[in-house]
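Novice: Let me give you the structure first, and then I'll get to my questions.
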Amino acid sequence: NLPFRGQVNSTNVSASDGFDFGPQELKLGIILFNCLPCTIATGIVMVTDAEGDVMASVTISTIANLAGCFTSPLIFSLFVEGDVLGQNSVDLVKKLGLSLILPLFVGKIISLLFHSVRTSVTRFKREIGLLQNTSICIILWMKLSKSIYKGTFSLLKWQDLLVLLALCFVVHLFQLGINFFLSVFTCLKREQVCVMLLLVSQKTLVLGTAIASALPSSLGDNTLILLPAFIAHPLQMLLDSFLVAPLRRSTVFPLFSRPSCGRKTPSPDLVELANPEPVVEEPLLE
């Protein structure tokens, strides 16, 4: 997480310590985005395209997002001084539970009871994903329209947006680097490395939108708090898309086959025995 620490009182949000840029909501938005769990659909699709461990990605994504409904608001509250979030943390968790966890369990029960529903969801999985992304875009458009009408973006400068873009870029590269070295240190297989880089390194936008919408108004404008997430989420998808093709090739990362990981490289003699050269028969002379 970034070294920003917002100080909240009953009326406004004061300037944070350390590096300062733009309104306080941008700093809170960066902190909130880095407190979120991994993505749900985007990371799984990238892991599938990279021929990674799809079952592990589905399991990690499900558990992380279920736990994130409770842990993300609590972790975010650690970076906000004062008692504003402390008084509303329970209500915030209740709102997230009713808006995210309850629909998930209801949908799971319906899919288990009615086979036709489960078959239809599997058949129209792509269309449902497009509908979900369209709904997120509509929410973004509504929030942006409301903020532009209120004149919220008049507080922003183009220099602030450039700094925000650079921070999102550097933070995601840092997350990729940490997960890459952890993968090498723990001797993970290539399929599991795909999960670490393409899924764990990404942050979800759905949960961030729900948390920002439930935050108290004393923290500032919710749209400005969501602005870093709206910038960082497509940026991380763009950067990670360049890793899909290299991760699909098992020879790209020779560190994964080092002897200390217990996966010894086969000797040249065994390789020659496994792949013998074809024998070319010389034509008989008459």
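Rule-based calculations on the coordinates, nothing more; no lab input. Please read all numbers here as calculations on a predicted model, not as lab measurements. Here the Cβ positions follow ideal geometry from the backbone for every residue, glycine too, while neighbour counts run over all protein chains shown.
Novice: Can you compute the FRET efficiency between Leu102 and Trp158 using 1/(1 + (r/R0)^6), with r the Cβ-Cβ distance and R0 = 45 Å? Round to the nearest 0.05.
Specialist: The pair Leu102/Trp158 has a calculated efficiency of 0.60.
Novice: Another question about this same structure. Over 29 Å between C-alpha atoms is what I'm after, so list which of Lys94/Lys157; Lys125/Lys203; Lys157/Lys203; Lys27/Lys108; Lys27/Lys95; Lys108/Lys189 land there. Walk me through the numbers before you get to the answer.
Specialist: Numbers: Lys94/Lys157 36 Å; Lys125/Lys203 22 Å; Lys157/Lys203 26 Å; Lys27/Lys108 37 Å; Lys27/Lys95 24 Å; Lys108/Lys189 32 Å.
Checking Cα-Cα distances, Lys94/Lys157; Lys27/Lys108; Lys108/Lys189 exceed 29 Å.
Novice: Taking R0 as 35 Å, what FRET efficiency do you get between Phe114 and Ile178 from their Cβ-Cβ distance, rounded to the nearest 0.05?
Specialist: 0.20
Novice: Between beta-carbons, use under 11 Å as the cut-off and find the net charge around Asp53, counting Lys and Arg +1, Asp and Glu -1.
Specialist: Charge balance near Asp53 sits at 0.
Novice: Can you give the Rg and Dmax of the range 160-253 based on its C-alpha atoms, in angstrom?
Specialist: 15.8, 53
Novice: Once phi is turned into θ = phi - 60°, what whole-Hz ³J(HN,Hα) does the Karplus curve with 6.51, -1.76 and 1.60 give for every residue of the range 112-126, x standing for Gly and Pro?
Specialist: Working through the residues one at a time gives 6, 7, 10, 5, 5, 5, 5, 5, 5, 5, 5, 6, 9, 5, 5 Hz.
Novice: Additional query: Go through the range 154-170 residue by residue and turn each phi into a ³J(HN,Hα) via Karplus (6.51, -1.76, 1.60, θ = phi - 60°); whole Hz please, and just put x for glycine and proline.
Specialist: 5, 7, 8, 10, 5, 5, 5, 5, 5, 5, 4, 5, 5, 5, 4, 5, 5
Novice: Okay, next question. Would you grab the residues whose amide H sits under 5 Å from the one on Lys203? Only those 5+ places off in sequence or on another chain, please, with H modelled 1.01 Å from N.
Specialist: Here the answer is Thr39, since their amide H atoms fall under 5 Å of that of Lys203.
Novice: Each residue of the range 46-51 in turn: what ³J(HN,Hα) in whole Hz from Karplus with 6.51, -1.76, 1.60 and θ = phi - 60°, glycine and Pro shown as x?
Specialist: So the J values, rounded to whole Hz, are 5, 5, 5, 5, 7, 6.
Novice: Right, next: For the pair Lys125/Ile63, report the inter-label distance in nm, with labels modelled 7 Å from Cα in the Cβ direction.
Specialist: 2.1
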